[in-house]
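Since the structure comes first, as structure tokens, the remarks are kept for the end.
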Amino acid sequence: MERRRRARDLGIAIGRFPTGAFNAITDVQGVRVGQVTLVSGEGDLEVGVGPVRTGVTVIEPRAGDVGLDPVFAGVHVLNGNGEMTGTIWIEESGLLTTPIATTNTHSVGVVRDAMIRWEIENSERPGLYWSLPVVAETYDGWLNDINGMHVKPEHVWEALDTATGGPVAEGCVGGGTGMICHEFKGGIGTSSRVLPEEFGGYTVGVLVQANYGSRHLLRIDGIPAGRLIGPEEVPAVRSQPKPPTGDGSIIIIVATDAPLLAHQCKRLAQRATIGLARVGGTGADSSGDIFLAFATGNSGLPSGDLTVAKDAVAITMLPNSHMSPLFEACADATEEAILNAMCMAHTTTGIDGRTVHALPLERVAELVAARGY
């Protein structure tokens, strides 16, 4: 099996800003990621038995109970053929008060319910009385026994209990285990950017669950790689028997430590569209392209519990005129996170012997080197 490497290990460096220490969403201080990967069985599909190629990924916006110390957040939908629960209240209140989870399309309900139970058991808030968790999905049913409902509450709890900072596993892990991107194997990818001090020194981190796109649209740092690595060289999903219909979906989560308000988080989430477009995402009709951005730069915001507040809450705000570097960082980190998802994913065989091939890294390195810059 070819050793998998991240985009930067192939000579691909997107944009002008440096990455954080881990080149991951966890470079935003306090952000933690936990993942549980479910892989079992092979051969013909037997609903309820497998093969299983799925999982769950969770992102905790703060160390500690984010319900006690919410963060401003905003949501942007490029194309809405998908699901992200809890977003109506985020749009209304401007606050994110729960962890975020990604999984497969048919496991959204069990993940949501498990997150509520986990909050009840683990929240520092006495008498927790309501929760609207954020759970997003993409469809992995071409490789995974999606109707078998293999993601269980205990898997969600494990992901939450083991969430940590530092390096983040990518590719065929967590919610991205069975995903496909530009007809290569896709999955979870992450990246970050740190702004220079003259732009505030803020960090922007991105995590994606990439499961979208046609081969011919794929571009890698401007190189038309999807056309240069055609199905005659690496078999494409749509050239195989009974190919999947539609163009899949992508979930993009953006984190920053900048002091942004809710409407500014929405503006930041919108810029993930630019990074997606650079790689070849077009927001196809059948795609669920849903993006959420949150900002940890304010603390002590009201939690939403039934408490009486007598005093106004002091907050800080980055002027809108200072946000352009954050927009650039978000676009660059999104582009690289998607590439990392493909670069780190390995060739996967799922139900009925269906195989999705990994992006050939040596071939990509050749294309990058031949470019000459």
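The table below lists the values:
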| item | result |
| --- | --- |
| Average silhouette area of region 230-330, convex hull of alpha-carbon atoms, in square nanometres | 10.2 nm² |
| Global form of region 121-237, assessed from the alpha-carbon gyration tensor, a/c cut-off 1.5 | oblate |
| Debye log10 I(q)/I(0) at q = 0.22, 0.25 Å⁻¹ for region 47-132, Cα point scatterers | -1.21, -1.44 |
| Segment residue 313-residue 122, length gained on full extension (0.36 nm per residue, minus Cα span) | 66.1 nm |
| For the chain: relative contact order, % (alpha-carbon pairs under 8 angstrom, 6 or more apart) | 26 percent |
| 5 Å binning of all Cα-Cα separations within region 128-196, expressed as whole percents from 0 upward | 3, 11, 18, 23, 18, 13, 8, 3, 1, 0 |
| Alpha-carbon centroid distance for the pair region 250-271 / region 1-25, whole angstrom | 22 Å |
| Convex hull volume per residue in cubic angstrom - Cα atoms of region 1-52 | 157 Å³ |
| Cβ crowding within 10 Å averaged over residues, with 223-230, 138-145, 112-119 ranked highest first | 138-145, 112-119, 223-230 |
| 16 Å cut-off, amide nitrogen to a point 7 angstrom out along residue 162 Cα→Cβ, residues in region 2-40 | 32-40 |
| Full-stretch length increase - residue 366, residue 5 - with 0.36 nm per residue and alpha-carbon distance subtracted | 128.5 nm |
| Pair residue 21, residue 286: separation of 7 Å Cα→Cβ label points (nm) | 4.4 nm |
| Modelled FRET efficiency - R0 35 Å, residue 89 with residue 232, Cβ distances, 0.05 increments | 0.10 |
| Alpha-carbon centroid distance for the pair region 66-101 / region 107-160, whole angstrom | 15 Å |
| Burial order of peptide ranges 22-31, 349-358, 202-211 (average beta-carbon count within 10 Å, highest first) | 202-211, 22-31, 349-358 |
| Relative contact order %, region 136-263, counting alpha carbon pairs below 8 Å whose residues are six or more apart | 24 percent |
| All-pairs Cα distance distribution in the chain, expressed in whole percent, bin size 10 Å | 6, 27, 35, 23, 8, 2, 0 |
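Read-outs: derived from the displayed coordinates by stated rules, not from any lab. All values derive from a computational prediction rather than experimental measurement. For neighbour counting, all protein chains shown are included, and Cβ atoms are generated from backbone atoms with ideal geometry for every residue, glycine included.
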